[in-house]
Amino acid sequence: MALKREVVLSGLTALQHHRSAMEATTAVYGCIGEEINPGDALCEIQTDKATMTLDTEDEGILAKIVKADNSNDVKVGALIAIMCDKEEDWKNVKVPETEAKAAPEAKSIPEQKDGKQQQHNIEKQQSEQSKEQQRTASHHMIGPAARTLMEQYGIDSSKIQGSGPKGVIMKSDVQKYIDSKQLKIKSHTQQDEKQQKSEEKKKSSEQVTPIQQQKSKPPSSSTSQGRRYHDVELSSIRKAIAKRLTYSKTSIPHQYASISSNVDRVLQLRKQMIADPKAITKVSVNDFIIKAVAYSLRQVPQMNGIYENDNLKLHSTVDISVAVATDSGLITPIVFNADRRTLNDINLNVKNLAVKAREGKLKPNEFQGGTFTISNLGMFGISHFSAVINPPQLGILAIGKNDLQLNEQLKAVNKLKVTLSYDARVCDPATTALFLQAFQSYMEYPEMLTKGKTETIFDF
């Protein structure tokens, strides 16, 4: 019997309240029987937050792959592969019985005594299912030029096999079908008749009652009220984001509060810091905002916690999650101990995290476990908005752009409006008002943010 070493889905350690959501999709790199050395990438893991690789720490032979390519909902700690020593015969390695029973999902095939025949049937069924999925998907994926050509000739997409990426029907595929069938373009008369029938049908549907129209509504197809569409499968990250946001809005009672701050002094101080010959980086207004939020959380610690098991748990550190938009969706890398960092340090940290987030290279400990979130759409010209709470946090601050407004002395000043979304189960209006007042004070007196000491917090 070969000596085996189990490879589990690790490196994704999360807070206990996040563990139920820590599911992943795997894509295996190695091949069975392949020699593996320390540091080699064994598989790619895609979670609801990022895509990362799982590297091996030992050398040996990849003997068994328990979780195949694109396995969904793989739990943290699940067995995904088995390795053995190079001196051992990897063919003798067996999958533990508990995993072997849970692994096969194609159970609809009746049990047979002949193991080879059963395996053959399973492979055949999986192959047929794969072909059917590709064929069905290709009907929804048609290039624009190909679609126009198909409309001109009145061709049904189900009759054409796409040759493009992932079965997309290309113009060349349609042209090949036309040539093989020697089809001719439909005359204008035929097209006019079809359009006339469509308009008559539309008028007829407008005359029936709403109840009759609802009963006679046809099933979804490639056309709906003259509009064409095609299905786009969501990525696992986007599905997880949708699930998480739905959970937040349906289980957390959101309440909102807004405040505006005069940021003229922030803009002036930022200009001075950038002009300094000794400046190591160009701080942004967002860096001031992060520092102001961090100090405000120190001032009002009731906002720096989580609601769990009917208890309010307050954090001892201030770790700010900063929303970053990526091609895969929104991700929130964390600026740890933001209240103890300088503005320059925050700037460099945020830039580094943003680059890693967009490249999908964030480590789990860089985006899990924040205590409060900031979402800034001001750079996109959004004046104000409200954001969805990032559970299990208690609040998220939505930042709009600064606008020129007239103050009481009829002087033009730069005003920044922010909106706080907070968990009404544990945060009352008085507490959130104190938090927003603290934030406003730090933004209007930004010199307090350059000290780098939490002792400089205002006394309300």
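Nothing in this text is a laboratory measurement; each read-out follows from the coordinates by a stated rule. Not measured: the values here are computed from a predicted model. Glycine also receives a Cβ, built like all others from the backbone with ideal geometry; neighbour counts cover every protein chain displayed.
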If you take the beta carbon distance between residue 407 and residue 92 as r and set R0 to 60 Å, what does 1/(1 + (r/R0)^6) give as a FRET efficiency, to the nearest 0.05? 0.15
Under a Cβ-only charge scheme (Lys and Arg +1, Asp and Glu -1), can you give me the dipole magnitude of region 324-416 about the Cα centre, in debye to the nearest 20? 180
Order by neighbour count: 363, 271, fewest other Cβ atoms within 10 Å first, most last. 271, 363
Rounded, prolate or oblate (a/c below 1.5 giving rounded, otherwise prolate when a/b exceeds b/c) for region 335-460 by Cα gyration tensor: rounded
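Ranked highest first by the average count of other Cβ atoms within 10 Å around their residues, in what order do 402-411, 76-85, 246-255 fall?
76-85, 246-255, 402-411
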Any residue on another chain or 5+ positions along whose placed amide H is under 5 Å from the amide H of residue 80 is listed here as 7, 8, 9
If amide H atoms are built 1.01 Å from N in the plane of the peptide, which residues on other chains or at least 5 residues away come under 5 Å of the amide H of residue 377? 399
Output wanted: per-residue J couplings in Hz (rounded whole) for region 393-407, from phi through Karplus 6.51 cos²θ - 1.76 cosθ + 1.60, θ = phi - 60°, x for Gly and Pro. 5, 8, x, 9, 9, 8, 9, x, 8, 7, 10, 6, 9, 8, 8
Local electrostatic count at residue 180 - Lys and Arg +1, Asp and Glu -1, tallied over other residues with Cβ under 14 Å: +2
Starting with the fewest neighbours, write out 327, 423 ranked by other beta-carbon atoms found within 10 Å of each beta-carbon. 327, 423
